[in-house]
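Asks: Starting off with a structure, shown below.
Each value in this text was obtained by applying a stated rule to the coordinates, not by laboratory testing. Remember, predicted model here, so these are calculated numbers, not experimental data. Glycine gets a Cβ as well: all are built from the backbone with ideal geometry, and neighbour counts include every protein chain shown.
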Amino acid sequence: MKHYLQFKDLRAEEYAYLFERARIIKKRFKNYEKYHPLADRTLAMIFEKASTRTRVSFEAGMYQMGGSVVHLTTGDSQLGRAEPVEDSARVISRMCDLVMIRTYEQAKLAAFAAHSRVPVINGLTNEFHPCQILADILTYIEHRSSIQGKVVAWVGDGNNMANTWLQAAEILGFTVHVSTPGGYEVDPQLAGISNMGCWKVFKDPLDACRGADLVTTDVWTSMGYEAENEARRKAFADWCVDAEMMAAARPDALFMHCLPAHRGEEVSAEVIDGPQSVVWDEAENRLHVQKGLMEYLLLGRIG
Ligand code: CP
Ligand code: NVA
């Protein structure tokens, strides 16, 4: 049994399989072909933080593959009344075939997985957001080609998305140019990477964007860090992806953002709504690639 708790839980050849599977599943979906490999399977989705894309993509995806879902939040389950996560895992995993969790500490997700009888998927933690990077790389492949050898510029917070990009770079063989304000740097140990050659740090975000194939950013304040909002607004003021930064990247560079976005903060409206932005494809691809992931975790390789 496999869990998907962080990007490095799968190997490069498993990613190659998953991206190809996502392509096939997406094509069938676009052609209205019925595909129900997960009939009679149930996905439990546990949300301890808000969500639009993750909820819709997992829920719609499971139904479209013939399965069903149970949606739990902290407020409407015993999770919010301090039932131990280990006990919750033992119970939920006796009733469901697969579990997706969005929570705070990665350690809580890991504790759930350690006591689960069924595969567990990370739907975002403070440390990682692997399903989003899966969708981002599928989007890059669709618009360009393999991401191997390419340069991704990360402009902004050294957060869950940044950490996951670094893990992906290590596994799939590309480089991340990271520029964060002082005090918000990526911590390679927390990010769980050992190959220091897969990323470079830049003080100036414009320098990070020079020659990049893909420029990407995220909110200045992630969920759970709202108390730091004011300090972050000041610290991140120069970390707004604008037309000048996109002009420093390669002429064919793409812009990505996991969404939700704040126009005028981490990205200008001109960039996110402009011709280099692929954010809507990126969001849609959550659906297709996670269907591939759920199929892989439950049924293994097809064909
Ligand atoms: N990108 C992403 O995970 O979006 P949601 O918070 O809406 O799920
Ligand atoms: N870094 C953001 C991503 C939201 C999808 C957060 O954790 O809130």
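Asks: Mind grabbing the base-10 log of I(q)/I(0) for region 93-199 at q = 0.12, 0.19, 0.21 Å⁻¹? Debye formula, identical points on the C-alpha positions, no solvent, two decimal places.
Replies: Each listed q maps to, in turn, -0.46, -0.99, -1.11.
Asks: By count of other Cβ within 10 Å, fewest leading, how are C240, C209 ordered?
Replies: C240, C209
Asks: From the C-alpha coordinates alone, can you work out the Kirkwood hydrodynamic radius of region 242-303, in Å?
Replies: When all Cα pairs of region 242-303 are included, the Kirkwood radius is 13.6 Å.
Asks: Would you tally the net charge around C131, using a Cβ to Cβ cut-off of less than 13 Å, leaving C131 out, and scoring K and R as +1, D and E as -1?
Replies: +2
Asks: Around V118, with a cut-off of 13 angstrom between Cβ atoms, what is the net charge of the other residues, counting Lys and Arg +1 and Asp and Glu -1?
Replies: Local net charge: +4.
Asks: Let me have the relative contact order for the chain, percent, based on Cα pairs under 8 Å that are six or more residues apart.
Replies: 19 percent
Asks: Going by alpha carbons, how many degrees (0 to 90, nearest 10) lie between the helix axis of 160-172 and the longest principal axis of the chain?
Replies: 90 degrees
Asks: For region 162-245, run through the GluC sites (Glu not before Pro) and keep only the ones in DSSP coil with at most 16 other Cβ atoms within 10 Å of their Cβ.
Replies: Of the GluC sites (Glu not before Pro), the ones in loops of region 162-245 whose Cβ has at most 16 other Cβ atoms within 10 Å are E185.
Asks: Inverting the mean 1/r over all pairs of different Cα atoms, compute the Kirkwood radius of region 77-135 and quote it in Å.
Replies: 11.7 Å
Asks: Sticking with this structure for a sec: To make sure I understand, if each residue's beta carbon is the centre and we count other beta carbons within 10 Å, what order do H257, H3, H143 fall in, fewest to most?
Replies: H143, H3, H257
Asks: Fewest Cβ neighbours within 10 Å first, please rank M62, M95 accordingly.
Replies: Ranking M62, M95 by Cβ neighbours within 10 Å, fewest first, gives M95, M62.
Asks: Calculate log10 I(q)/I(0) of the chain for q = 0.11 Å⁻¹, where I(q) comes from the Debye formula with a single equal point scatterer on each Cα and nothing for solvent.
Replies: After summing over all Cα pairs, the log10 values are -0.64.
Asks: Oh, and also: Nearest 10 degrees, 0 to 90: what angle lies between the long axis of helix 279-299 and the longest principal axis of the chain (Cα atoms)?
Replies: It works out to around 40 degrees.
Asks: Okay, next question. Give me the one-decimal nm value for the distance between modelled label points at E86 and H262, 7 Å along each residue's Cα-to-Cβ direction.
Replies: 3.9 nm
Asks: Report, to the nearest 10°, how far helix 85-95 tilts away from the longest principal axis of the Cα atoms in the chain, using its own Cα long axis and a range of 0 to 90°.
Replies: 60 degrees
Asks: With the Cα gyration tensor of region 42-83 giving a ≥ b ≥ c as the square roots of its eigenvalues, does the rule (a/c under 1.5 for rounded; else a/b larger than b/c for prolate; else oblate) give rounded, prolate or oblate?
Replies: Oblate.
Asks: So, R0 is 25 Å and r is the distance between the beta-carbons of E230 and T74; what FRET efficiency does that work out to, to 0.05?
Replies: 0.45
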